[in-house]
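Notes to accompany the following structure.
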Amino acid sequence: MHALGVRLASRSSRREPVKLGLALMGLFPVVRHRDLLFTLGRHEEFTLFAAVALANGEEDPVDDLWQLARNVTGWGRIHLVERSATVSPRVHAPTWWTGSCGKTSTTV
């Protein structure tokens, strides 16, 4: 299943199979494929799927979610802020978003 997820995410020419691949990748540890998740996560349509995969595939994904949030805007950043607040009690979403990212969203 993991190999199928990586193959769909990295080689598919259509968006829906890429999303399925990201979802499958999130069922397993993602340490070997973090670069792929960061690359795909920069595309707004895939940001939520990459964020979920990072959150599910790492013990403490907050730093990686923050790193990805610095590279996206709009709804992608909102998804990352929401996801980070749900995976770690050490993150207070408004502080994390404005204090750590240093940018504002054009969506809200």
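Each value in this text was obtained by applying a stated rule to the coordinates, not by laboratory testing. Owing to the predicted nature of the structure, the values given are computational and were not obtained by experimental measurement. Ideal geometry is used to build each Cβ from the backbone, glycine not excepted, and the neighbour counts take in all protein chains shown.
Remarks
- Any hit, region 13-30, residues being among the polar types (S, T, N, Q), buried (at least 16 other Cβ atoms within 10 Å of the Cβ) and without any contact (Cβ under 8 Å) to a residue 40 or more places away in the chain: no
- Residue tally, condition part of a helix (DSSP H, G or I) and either closer than 15 Å to residue 36 by Cβ or in contact (Cβ under 8 Å) with a residue 12 or more places away in the chain (or both), over region 52-83: 22
- Selection from region 1-12 of residues that are in contact (Cβ under 8 Å) with a residue 12 or more places away in the chain and loosely packed, with under 14 Cβ neighbours inside 10 Å: 1, 4, 7
- Restricting attention to region 31-46 and to residues that are in contact (Cβ under 8 Å) with a residue 24 or more places away in the chain, of a type outside the set (A, V, I, L, M) and assigned to a helix (DSSP H, G or I), the residue that is nearest to residue 78 (Cα to Cα) turns out to be 44.
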